[in-house]
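The values are calculated or read from the model by the stated rules, or taken from the named source; none is laboratory data. Because the structure is predicted, anything quoted here is derived from the model rather than measured. Cβ coordinates were reconstructed from backbone atoms using ideal geometry, including for glycine residues, and neighbour counts include every protein chain displayed. The accessibility values were calculated without ligands, DNA or RNA, using every heavy atom of the protein model including side chains. Shrake-Rupley method; radii C 1.70, N 1.55, O 1.52, S 1.80 Å.
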Amino acid sequence: MSPLTSPAASSNALAVPDPTELALKRLQESMRTLIVDNYDSYTYNLLHLWFKRPHLPDARPLDDRVILIRNDQYPWEIVRDRILPFVDNIIISPGPGTPEIASDFGVCANILREVRDKPIFGVCLGHQGIAHIFGGKVVKARAAVHGQLSPVKYKHGFKTVSEANTVVGKEGTLFEGIPENLRVVRYHSLVADPESLAGIDDLLITAYAVGTVRVRDPTTGQFHNEATTEIMALQHRTLPIYGVQFHPESICTEYGRQLMTNFHRLTAEYLTANGLVERRPAGIPSDVLAMSALASTSIASPAASGAPELRLVTAKLPALECNPADLTLFLFEWLYGDDQMGFMLDSAKLGDLNSTYSIMGSGLSAGSVTVRYRLADNRAQILAFDPSGYAPAGVERRVVHEEKLHPDTLKPGTTFWDWMQTVVNQTQADDQIQLFDLGRAGWLEDYRYVDELPFAFRGGWVGHFTYEMKAESLPMYSTQSRPHGSSGDGVHPANNSGGDASAELPDVNLIFADRSIVVRYLPDASGAEVYIQALVRSSTFDSSEAPQWFGHIADTSDTTMEWLGSTARSISQALVEFAHGGAKRADNSDNGAASNTQAVIDEIADPVSALSYAEYIAAVEQSQKWIREGESYEVCLTTQFRVDLTNPLKAGSPLAAASNGPLTAEIRDPATMRKLYRSLRRFNPAPYAAYFWFGDIGGGIAGSSPERFLRVTTNLNIKSMDSELIDTDEAIWNEHQSIPTETKGRRWVEMKPIKGTVRRPKIPSPCPHGTMLSPVCDHCEARVKAADKQLANELYHDVKERAENLMIVDLIRNDLTTFCGPNTVCVPHLMAIETYAHVHQMVTTVCGELRDEVGGLKALDRCFPPGSMTGAPKLRTVQLLEYLETERRKGEEEEKRVPYPRGIYSGCIGYISAHGGQADWSVVIRTVVVDHHGKRLSAGAGGALTILSDPHKEWEEVLVKFGSVYPGIKSYIAERIAEQF
């Protein structure tokens with residue numbers, strides 16, 4: 001700038017800031033908010049928007065500026081006198097039900113009736129509550145809309161939709177600075193009735209929906225587009241009260257952050273104009289902050305005094321060119337085939353992005369213990385098994401620790417999840433790994449210390465949680481009232497028990513794998529590396545100063561080295577056998593058995609479903625009725641298929657008549673359990689396959705799940721098998737898709753829900769025009785490829801599938817926000833179409849950075865049960881499901897139905913490592929459970945349904961999903977029956 005140039009004539013960079021604007025900005029930065037949660041599964045996403053405001057520095061903590069309470073957590077007088085004096089504004093969350101029912105809205109009604117000096121922002125149910133409290137009516141919308149996007153028009157001051165074009169202006173509304181026709185996500189069945197608002201001068205309609213939404217005619221089953229003109233926003237004429245019917249916090253709503261910014265700016269302007277700034281308290285007192293649900297989002301459980309010091313010792317064998325999935329199964333049967341407590345987490349599906357390594361081991365290891373828990377008596381046990389228990393007769397066990405828990409999901413530290421997180425913290429290894437290279441001579445002396453391995457598992461806890469563990473993970477689960485409209489249905493809600501303790505598997509079974517084998521798959525599945533792992537206890541450990549069970553954890557260095565040497569020799573021998581065709585001989589044996597059992601398969605009795613076809617259809621229709629009434633957005637309905645292994649053939653079967661005795665397929669030992677698992681694996685290999693046999697209780701698990709539930713990792717590497725067949729449109733989640741760039745060394749949680757699957761067409765070989773040299777002609781190949789691309793694009797653009805995926809994605813974002821750092825929850829891949837050998841799938845990736853004080857198991861607790869197996873909102877929908885998933889037990893009167901527990905199905909299987917709390921858990925689907933002392937098989941199947949679902953197609957989907965495991969079950973039964981002739 002020239003020295004002769006006056007400052008006034010220079011650039012705007014030196015312009016004097018407006019003092020009023022600076023004051024408003026500072027006020028927005030220090031804003032304190034009360035959020036009232038109406039038991040919705042999207043409430044915490046509002047926190048995400050709260051943090052995404054441009055005037056808010058990211059580094060500032062959240063807990064000292066936001067108070068979050070449930071709508072019935074405290075009496076109104078407590079909220080009014082102890083909380084409200086310390087906040088500047090209030091956000092009323094979405095939620096199930098209607099504001100016209102007091103129990104659905106709680107203290108939100110009092111807030112709208114009595115608070116006059118604080119701005120209020122109501123979302124969905126909160127918006128409807130504004131209409132209801134000020135004299136309007138809440139009615140059913142012309143079409144229930146869940147997970148669909150609509151353009152929104154906004155005008156200021158018009159009274160009805162027909163007057164929409166009479167008054168124009170956005171100033172002083174939530175929509176200031178937002179372009180016309182923003183697209184918003186809608187999750188609602190109810191709306192504010194415009195006719196009832198016509199005579200209410202206090203309320204102004206400020207926005208309405210335009211365009212069309214996809215609807216299904218329940219009579220004809222046909223889909224069509226229907227015009228939509230519902231009220232999307234309200235504003236009080238004189239009070240600072242604003243409401244929106246849509247969900248600004250959804251991943252796909254445009255300008256949600258700007259809406260939240262506008263609300264806080266309106267708050268700042270209101271406080272300033274009314275002289276309230278000077279009267280603001282200096283901050284929120286600590287005793288008031290302690291009343292917030294945010295104050296109990298984490299658990300910091302230090303290692304107990306006297307805990308054993310653990311170190312991981314690993315021996316690596318030279319890489320082997322092979323089929324790694326074949327090698328995994330061969331090694332497991334070689335090492336643990338007759339083991340009464342054997343387990344395997346098996347990446348059985350080659351070519352899958354998540355098939356990278358497999359883990360195997362035994363609960364009979366000298367340094368292993370098993371934790372079991374049953375909801376029926378809230379008793380946690382730590383068991384030690386006799387390492388010599390390899391006999392088919394069973395295995396001896398003894399209780400080394402037992403504790404009666406008194407779970408209360410409102411009080412941190414009281415549930416099994418909290419107790420087990422402490423146990424996990426007490427069994428963590430140090431950072432240094434002692435690595436031996438078995439490919440070198442004198443390997444006992446040839447070792448080095450490393451900080452990392454090419455996989456996350458370093459020993460630790462391996463096992464399962466049943467779906468019923470929701471009783472201790474969902475706040476207020478056991479105290480909520482029955483669903484509206486459920487009285488007189490003749491059914492009763494399920495209790496918290498996972499079933500008869502003598503017949504069914506425990507609700508939790510976690511094996512401490514102090515010794516394990518990891519088969520790491522090389523890139524492109526070209527081969528494998530085998531790692532032998534052992535956790536070693538410090539030789540200076542004094543068990544006299546620690547709880548008794550600590551003395552059973554891990555082993556000393558001397559005995560561990562002996563085990564490493566003997567196991568290395570055994571594996572080397574196994575690799576020689578494998579290289580000479582051992583795996584092929586085993587497969588040929590299976591195939592031979594299968595060829596001899598075709599006649600038996602036709603004689604196998606049909607499985608029995610807990611819900612019959614008619615009952616399932618009725619349950620779908622009842623679900624849609626509740627969705628229509630605003631009780632839920634999406635319901636994941638399931639049933640259980642059961643097979644009697646004691647008498648598996650049809651009544652009057654010629655085979656049974658020709659037999660000299662009863663023909664049975666009971667699973668009595670590891671050998672028969674392995675046959676079942678082999679059969680299931682052959683028909684349905686999966687990236688999250690699993691094998692467990694619990695010899696002491698005669699039960700087991702044979703899993704083939706394709707879906708990851710939750711992973712905790714310090715090495716986040718976001719990948720997606722994006723299909724090249726998709727014609728995508730422009731991304732609309734730009735406010736939420738920030739991908740972390742620096743992830744190494746930090747703890748991240750990743751979830752990958754699958755909603756939407758379509759089977760790929762097969763290229764016929766040979767085709768009608770093929771030749772011996774070219775079995776498939778160019779024309780047929782091009783035709784099938786074109787059809788394949790069309791199917792992938794139809795899946796990507798399918799309104800119903802996208803709505804289902806979106807609802808679960810928003811639910812997962814909500815769950816992660818409860819325990820991840822502010823501004824870290826992101827969606828790197830939204831509704832990506834991943835293409836596999838046989839199917840296209842719609843998969844979303846959601847991740848966030850764990851807070852320092854949150855344990856890996858606590859993260860699982862906060863997300864449990866999997867949202868893809870419940871629906872949304874999670875709590876209310878789980879309660880609805882307990883009125884739907886019922887059966888008439890044998891001997892009971894027909895009108896009396898009892899709930900059936902899902903058990904392991906819909907729960908999770910996986911591990912939490914002994915280092916850093918790293919974990920990997922899968923959703924239990926496509927899985928067979930053996931219980932009733934080996935006399936019964938069960939497999940669950942179901943699907944997510946919305947208002948757009950066709951009840952009959954939902955049943956067809958159930959049969960398709962059960963059909964993925966049933967061929968393996970039939971093959972196993974046929975093989976067992978054939979053996980008895």
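Quick check for me: using +1 on Lys/Arg Cβ and -1 on Asp/Glu Cβ, what's the dipole size of region 19-297 about its Cα centre, in debye to the nearest 20?
Numbers: 29 positive and 31 negative charges, 78 e Å.
Dipole of region 19-297, to the nearest 20 debye: 380 debye.
Which net charge results for the neighbourhood of Arg783, defined as the other residues with beta-carbon distances under 15 angstrom from its beta-carbon, given Lys and Arg at +1 and Asp and Glu at -1?
Values: positive: Arg760, Lys762, Lys785, Lys789; negative: Asp778, Glu781, Asp788.
My count for the surroundings of Arg783 gives +1.
Put +1 on the Cβ of every Lys and Arg and -1 on every Asp and Glu Cβ in region 19-297; which of His132, His48, Val277 then has its Cα farthest towards the positive end of the dipole?
Selected residue: His48.
Pick out, from Phe121, Gln222, Leu204, the residue whose Cα sits farthest towards the positive end of the charge dipole of region 19-297, with +1 on the Cβ of Lys and Arg and -1 on the Cβ of Asp and Glu.
Gln222
With a 1.4 Å probe and all protein chains kept in place, how do His406, His952, His132, His915 rank by accessible area, largest first?
Of His406, His952, His132, His915, the descending order of accessible area is His406, His952, His132, His915.
Let me check something: with ligands and nucleic acids excluded, how do Asp606, Asp437 order by accessible area (1.4 Å probe), largest to smallest?
Details: Asp606 120, Asp437 40 Å².
Accessible-area ranking of Asp606, Asp437, largest first: Asp606, Asp437.
Probe radius 1.4 Å, ligands and nucleic acids left out: which of Glu957, Glu230 has the largest accessible area, and how do the rest follow?
On the way: Glu957 60, Glu230 20 Å².
So the residues, ranked largest to smallest area, are Glu957, Glu230.
Excluding residues fewer than 8 places away in the same chain, name every one of the aspartates and glutamates whose C-alpha is closer than 14 Å to that of Lys961.
Glu707
Kindly identify region 312-352 as rounded, prolate or oblate by the Cα gyration tensor criterion: order the square roots of the eigenvalues as a ≥ b ≥ c, call it rounded if a/c is under 1.5, otherwise compare a/b with b/c, prolate if a/b is larger, else oblate. Provide the component values of the computation, followed by the final result.
Values: a/c = 1.74, a/b = 1.17, b/c = 1.50.
Verdict is oblate for region 312-352.
Pairs Lys118/Lys153; Lys25/Lys118; Lys625/Lys752; Lys625/Lys874: which exceed 20 Å Cα-Cα?
Pairs exceeding the cut-off: Lys118/Lys153; Lys625/Lys752.
Mind checking which aspartates and glutamates have their Cα closer than 13 Å to the Cα of Lys411? Skip sequence neighbours fewer than 8 apart in that chain.
List returned: Glu472.
In a solvent-free Debye calculation with one equal scatterer on each Cα, what is log10 I(q)/I(0) for region 324-405 at q = 0.15, 0.16, 0.20, 0.23 Å⁻¹, listed in the order of the q values?
-0.69, -0.75, -0.91, -1.01
What accessible area, in Å² to the nearest ten, does a 1.4 Å probe give for Cys847?
0 Å²
Can you give the direction-averaged projected area of the convex hull of the alpha-carbon atoms in region 19-297, in nm²? Don't jump to the answer; show the numbers that get you there.
Working: hull surface 60.2 nm².
Directional mean of the projected Cα hull area for region 19-297 stands at 15.1 nm².
Under a 5 Å amide H to amide H cut-off, with H placed in plane at 1.01 Å, what residues pair with Arg936 once short-range neighbours are removed?
Leu645, Asp931
Once neighbouring chains are kept in place and the probe is 1.4 Å, which whole percent of the accessible area of region 19-297 is contributed by carbon and sulfur?
Numbers: 4990 of 9980 Å².
Solvent-exposed carbon and sulfur of region 19-297 make up 50 percent of the total.
Please give the per residue accessible area of region 19-297, computed with a probe of 1.4 Å over protein heavy atoms only, in Å².
Details: 9980 Å² over 279 residues.
Per residue, region 19-297 has 36 Å² of solvent-accessible surface.
Using the heavy atoms of the protein chains and a 1.4 angstrom probe, tell me the accessible area per residue for region 833-890 in square angstrom.
Numbers: 1320 Å² over 58 residues.
Per-residue value: 23 Å².
For region 222-246 and region 927-949, what is the centre-to-centre distance using only Cα atoms, to the nearest Å?
First find each Cα centre; the distance between them is then 40 Å.
Using modelled backbone amide H atoms (1.01 Å from N, in-plane), which distant-in-sequence or interchain residues come within less than 5 Å of Asp88's amide H?
Sorted by chain and number, the residues that satisfy this are Arg32, Thr33, Leu34.
What full-extension length gain, to one decimal in nm, is calculated for Ala198 and Lys140 as 0.36 nm per residue of separation minus the Cα-Cα distance?
Contour length minus Cα-Cα distance gives 19.1 nm.
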